[in-house]
Every structure is written in structure tokens, then in C-alpha cells.
Amino acid sequence: SQQGEEDPQALSIQEGENATMNCSYKTSINNLQWYRQNSGRGLVHLILIRSNEREKHSGRLRVTLDTSKKSSSLLITASRAADTASYFCATALTGANNLFFGTGTRLTVIP
Amino acid sequence: NAGVTQTPKFQVLKTGQSMTLQCAQDMNHEYMSWYRQDPGMGLRLIHYSVGAGITDQGEVPNGYNVSRSTTEDFPLRLLSAAPSQTSVYFCASSNAGNRNSPLHFGNGTRLTVT
């Protein structure tokens, strides 16, 4: 079964607007990571947040983590057409070697 | 620096045929893994390896074999292809010694089994 679930499944916004995607997971984690996938390509790592962190920033990206609610959010500010992609959260479970991915959010930024 | 290289990019097989999907990385990463990506299912882990000579099963290992004879290579074998194995396959690697190390992905192999 999927460890993570993203919400919404699809999101369409105008260029310049902010985009927020959410991720919920089921069990205790070591860290949570967000990846982007452009059409026909592999996933690219965006940002990692450890279980003892609550917020992290990287450029136009802001990630929050609430371990009590087992949820995370990814905010992309001032979106651009080039941000059009699918975004996945992935959880590194406590005591495990592997990453488990959610089902993704398809973001479309309209120029 | 090539990163993670997957070959072939596309493949069509008939039911019952076998093939090997190749994956190579040049980053000296200890950890390598194979995922399959299906619509609405996200990425599911097939097999993984934490170093040369060591492999283990992921979430969906049935119908697939792997081996890890070198640090660089991690081939995925389909012994008898089935239509249910139609998918996009991704190989990924990371520094296994650091659990906070991100995965580096190849660009995938799109497999169709008829």
C-alpha cells in the first residue's frame, strides 16, 4: 500500500500565483522528501526535511512537516510555466533503507 | 558526469519473452533501486541493493530478478514477461551510508508487453 498520498491529484493555476500541495503518510519517518517529475523524465530531488524539523526553505520552495498529523506541505511561490510538472512526496521510514513514494500531484501553471 | 543511465529507453515484448533492463551509475553510490511507475499508483519499489553482492525485495518483487556484481551496475531481469508488467521502470541510486541522502533517478525505460 502507498505510504504517502498527495492532495490534490491535480492543480491548475495562473503564472505568478502560489501552489500548495499536501502529503499525508502513515508511519513514523526519518525524513520526508519532495521530488519533481517533468513529462517523460526521471524524478528530480527538490528538498528534504528531517523528522525533527518543522519548516525548510529552498529558493521559491517552502516545505512544512507536522509529525503529529503525519503530514507535509510543499508551497511553490510565484509560480512559473516551467514549474509545470508532477510533484511527489517520499518518506524514509524509521529503520528502513528505502523511500516510499506517494501518488503525486500534477501541477499545471498557465502562462 | 552521466549520473544514472538506463537502457533501453523503450521496449516492446511479447508475453513470455525475457529481457534485462540495464542501469549504471557513475557516482560510486552504494544504494541502488528499481521502481515501477503506473498511472494512479505512484512509484512502487521492486528490488533494491545496499552494496555489491547484496540485494533485497521491495513492495512488488514478483516476476523480477536483480543482481549486483559491481557497485556501478544493477540490472533488472524479467524472466517471463506478462502484460501486467507494462509500465515505466526507473532506476535510482543514493549514498546508502547517509539515510538523508536523496535519490538520483535515471530517465526511465518504457516497457510494453503485448
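Could you check how many residues of segment A:94-107 are open to solvent by 10 Å² or more (accessible area, probe 1.4 Å) and more than 10 Å from chain B (Cβ to nearest Cβ)?
1
Consider segment B:63-114. How many of its residues are open to solvent by 30 Å² or more (accessible area, probe 1.4 Å), within 14 Å of chain A (Cβ to nearest Cβ) and assigned to a loop (DSSP other than H, G, I, E, B)?
8
May I ask you to verify whether A:Val63 is free of Cβ contacts under 8 Å to residues at least 40 places away in the same chain, surrounded by fewer than 16 Cβ atoms within 10 Å (Cβ to Cβ), within 13 Å of the chain's Cα centre (by Cα) and part of a strand (DSSP E or B)? Explain how you work it out, then say what you get.
Values: free of Cβ contacts under 8 Å to residues at least 40 places away in the same chain: yes; surrounded by fewer than 16 Cβ atoms within 10 Å (Cβ to Cβ): no; within 13 Å of the chain's Cα centre (by Cα): yes; part of a strand (DSSP E or B): yes.
So A:Val63 fails the test.
Can you name every residue in segment A:1-21 that is more than 17 Å from A:Arg106 (Cβ to Cβ) and either assigned to a strand (DSSP E or B) or open to solvent by less than 40 Å² (accessible area, probe 1.4 Å) (or both)?
A:Gln3
Tell me whether segment A:83-98 contains one or more residues that are in a loop (DSSP other than H, G, I, E, B), touching a Phe, Trp or Tyr at 6+ places or on another chain (Cβ under 7 Å) and within 26 Å of B:Gln57 (Cα to Cα). Working first, answer last.
The initial filter retains those residues of segment A:83-98 that are in a loop (DSSP other than H, G, I, E, B), namely A:84, A:94-98.
From what is left, the residues that are touching a Phe, Trp or Tyr at 6+ places or on another chain (Cβ under 7 Å) are A:97-98.
Keeping just the survivors that are within 26 Å of B:Gln57 (Cα to Cα) gives A:97-98.
Scanning segment A:83-98, I find at least one residue that is in a loop (DSSP other than H, G, I, E, B), touching a Phe, Trp or Tyr at 6+ places or on another chain (Cβ under 7 Å) and within 26 Å of B:Gln57 (Cα to Cα), so the answer is yes.
How many residues does segment B:1-26 hold that are in contact (Cβ under 8 Å) with a residue 40 or more places away in the chain, open to solvent by 50 Å² or more (accessible area, probe 1.4 Å), more than 12 Å from B:Leu76 (Cα to Cα) and out of contact with any Cys (no Cβ under 9 Å at 6 or more places or on another chain)?
Here the count works out to 8.
I need a count of the residues in segment B:39-59 that are at pLDDT below 95, open to solvent by less than 20 Å² (accessible area, probe 1.4 Å) and more than 10 Å from chain A (Cβ to nearest Cβ).
Residues in segment B:39-59 being at pLDDT below 95, open to solvent by less than 20 Å² (accessible area, probe 1.4 Å) and more than 10 Å from chain A (Cβ to nearest Cβ): 1 in total.
Restricting the first residue to segment A:22-39 and requiring it to be assigned to a loop (DSSP other than H, G, I, E, B), which pairs with a second residue that is among the basic types (Lys, Arg) and surrounded by fewer than 24 Cβ atoms within 10 Å (Cβ to Cβ) meet a Cβ separation below 7 Å and a spacing of at least six or different chains?
Between residues of segment A:22-39 that are assigned to a loop (DSSP other than H, G, I, E, B) and residues that are among the basic types (Lys, Arg) and surrounded by fewer than 24 Cβ atoms within 10 Å (Cβ to Cβ), the close pairs are A:Lys26/A:Lys70.
Condition test on A:Leu43, is it within 17 Å of B:Gln37 (Cα to Cα), in contact (Cβ under 8 Å) with a residue 40 or more places away in the chain and under 15 Å from the mean Cα position of the chain (by Cα)? Steps first, answer last, please.
Values: within 17 Å of B:Gln37 (Cα to Cα): yes; in contact (Cβ under 8 Å) with a residue 40 or more places away in the chain: yes; under 15 Å from the mean Cα position of the chain (by Cα): yes.
In short, yes.
Restricting to segment A:1-23, and then to whatever is at pLDDT below 95 and of a type in the set (S, T, N, Q), can you tell me which residue is nearest to B:Pro39 (Cα to Cα)?
A:Gln9
Within the set of pairs 6 or more residues apart or between chains, which connect a residue that is under 26 Å from A:Pro8 (Cβ atoms) inside segment B:39-61 to a residue that is assigned to a loop (DSSP other than H, G, I, E, B) and open to solvent by 60 Å² or more (accessible area, probe 1.4 Å) with Cβ atoms less than 8 Å apart?
Hits for this filter: B:Arg44/B:Glu59; B:Leu45/B:Glu59.
The values are calculated or read from the model by the stated rules, or taken from the named source; none is laboratory data. Predicted model only: the values in this text are computed from it and were never measured. Heads up, the Cβs are rebuilt from the backbone with ideal geometry, glycines too, and the neighbour counts pull from every protein chain shown. The accessibility values were calculated without ligands, DNA or RNA, using every heavy atom of the protein model including side chains. Shrake-Rupley method; radii C 1.70, N 1.55, O 1.52, S 1.80 Å.
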